[in-house]
Amino acid sequence: MATPNRTVGDLLFQATTVNQQMVANSTLAATWNQVAATSQSLTSGSGATYTTPAGCSWIEVFMVGGGGGGAGTSTSAVVAGSNGSNSVFNSIIALGGKGAPTQSSGLATVPGGAGGTGGTGTATRRQPGGPGTNSATQTANSVSGAGGTSYFGGGGVGVVGPTSAGVNAATNSGAGGSGAVNTSNPAAGGGGGAGEFVYMLIPQPNTTYTYTIGSAGAGGSSTNNGGNGGSGFIFVLEHY
């Protein structure tokens, strides 16, 4: 029976999409003459239970916290988006991204929210979430900040004036939503930050684990709403 090693984890970690991870895993499985891995995608739940399949000898866990919301805009202010919440796998925490901050008046560049980082618990590797970008200089053609990109991609794209709501991040991406634009002020909001990414290689898995999927931060609620962040995500590769 094949045993897990850091090289295998690094190969899969370097894949930029879930599909690439599965292709890498299938190649490794053929090389080792082992049963191809199965997988589970955990997209919702608080205090829910993941069950390791019978016969599974080791697992890899890919996890991201919820993404922050982009800032909303009105004719008088930029309204903050809310923070994404943390994703948890058996007490290992991936922090959610921060919502884009408020700005009391226009004619100033508005920063994006910070990406999630510094979660607790022992993990094989951690990667900070991408920060939301700042809005462009406030003019009649203002451009809002884009949502931060997570390991799973999916950040909301920035929008251009004169008036537009922000764009939501992709569902279960852990990415940030983009800011909104209202050039009557003029004002454009920053993008929300993406959730922290955590990778765990678990060589002798427990029978069950408790997990929580981090919720998405809401876009700032205003005349033009900011884009919502993407909720968190946990992807488990199960090796035999």
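Things to note:
- Being buried (at least 24 other Cβ atoms within 10 Å of the Cβ) and either assigned to a loop (DSSP other than H, G, I, E, B) or of a type in the set (S, T, N, Q) (or both) is a condition met by no residue of segment 200-211.
- Some residue of segment 57-71 being farther than 24 Å from residue 227 by Cβ, in contact (Cβ under 8 Å) with a residue 60 or more places away in the chain and part of a loop (DSSP other than H, G, I, E, B): yes
- Each residue in segment 135-148 was checked for being surrounded by 24 or more Cβ atoms within 10 Å (Cβ to Cβ) and over 10 Å from residue 70 (Cα atoms), and 2 of them qualify.
- The listed residues are 99, 66, 132, and the only one of them that is under 25 Å from residue 235 (Cα atoms), crowded, with 24+ Cβ neighbours inside 10 Å, within 11 Å of the chain's Cα centre (by Cα) and not aliphatic (A, V, I, L, M) turns out to be 66.
- Any hit, segment 181-193, residues being modelled with pLDDT of 95 or more, of a type outside the set (A, V, I, L, M, F, W, C) and surrounded by fewer than 24 Cβ atoms within 10 Å (Cβ to Cβ): no
- Any hit, segment 18-27, residues being hydrophobic (A, V, I, L, M, F, W, C) and at pLDDT 80 or above: no
- Only a single criterion out of (1) farther than 15 Å from residue 67 by Cβ; (2) modelled with pLDDT of 95 or more is not satisfied by residue 222, namely (2).
The values are calculated or read from the model by the stated rules, or taken from the named source; none is laboratory data. Note that this is a predicted model, so its numbers are computed, not measured. Glycine also receives a Cβ, built like all others from the backbone with ideal geometry; neighbour counts cover every protein chain displayed.
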